[in-house]
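One structure is given below, encoded as structure tokens.
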Amino acid sequence: MIRFLLLQNRQGKTRLSKWYIPLYDEQEKNKIENDVHRLVVSRDRKYTNFIEYQSYKIIYRRYAGLFFTLGVDVNDNELLALETVHLFVELLDSYFSNVCELDIVFNFNKVYNILDEFILSGEVQESAKPEILDRVRELEKLE
């Protein structure tokens, strides 16, 4: 199960966060965000994209200047989590046509809509890109 998803830039600013476990207060969330950033940024590229942290695993991938990070249960499949990150990036890229950090900052509500269409309660519910993008566009028409 996915516990949280973080999008952070190289300077450590969290551009997007989604918490699927409501056990954390704001202070704990900030500590986790800082710890995750410190672990991910300082990690050499020759190592794997999987880090054990507290009672779960951190799976991350860097795209341009952003780190896409998932916190998952220890027994979850790391490669599936990496593919989930990649699918999210592909969805953003398709929706915004060549997504950048500013797209995420200024259109965060659309990014959350995309995320909510394929991850529900910490589990991947839909993996078909066209289906997800069609649903997001339908939601957009209703606004």
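Over all alpha-carbon pairs in region 2-142, figure out the percentage whose distance exceeds 21 Å. Across region 2-142, Cα pairs with separations above 21 Å total 40 percent. Computed over the alpha carbons of region 71-143, Rg followed by Dmax gives 12.7, 40 Å. Ranked for footprinting exposure by Cβ neighbours inside 10 Å, fewest first, Tyr60, Tyr24 give Tyr24, Tyr60.
Treat the count of other C-beta atoms within 10 Å as a stand-in for reagent exposure and order Ile51, Ile21, Ile132, Ile114 from fewest to most. Walk me through the numbers on the way to the answer.
On the way: Ile51 17, Ile21 13, Ile132 24, Ile114 21.
Least to most surrounded, the residues fall as Ile21, Ile51, Ile114, Ile132.
Compute, for the chain, the length of the dipole vector about the Cα centre, with Cβ point charges of +1 (Lys, Arg) and -1 (Asp, Glu) only. Units Debye, rounded to 20. Provide the component values of the computation, followed by the final result.
Numbers: 19 positive and 24 negative charges, 137 e Å.
Charge dipole of the chain: 660 debye, to the nearest 20.
Each of Leu115, Leu39, Leu79 was scored by other Cβ atoms within 10 Å of its Cβ. Arranged with the fewest first, they read Leu79, Leu39, Leu115.
Read-outs throughout are calculated quantities, based only on the coordinates presented, and are distinct from any laboratory measurement. Because the structure is predicted, anything quoted here is derived from the model rather than measured. Glycine gets a Cβ as well: all are built from the backbone with ideal geometry, and neighbour counts include every protein chain shown.
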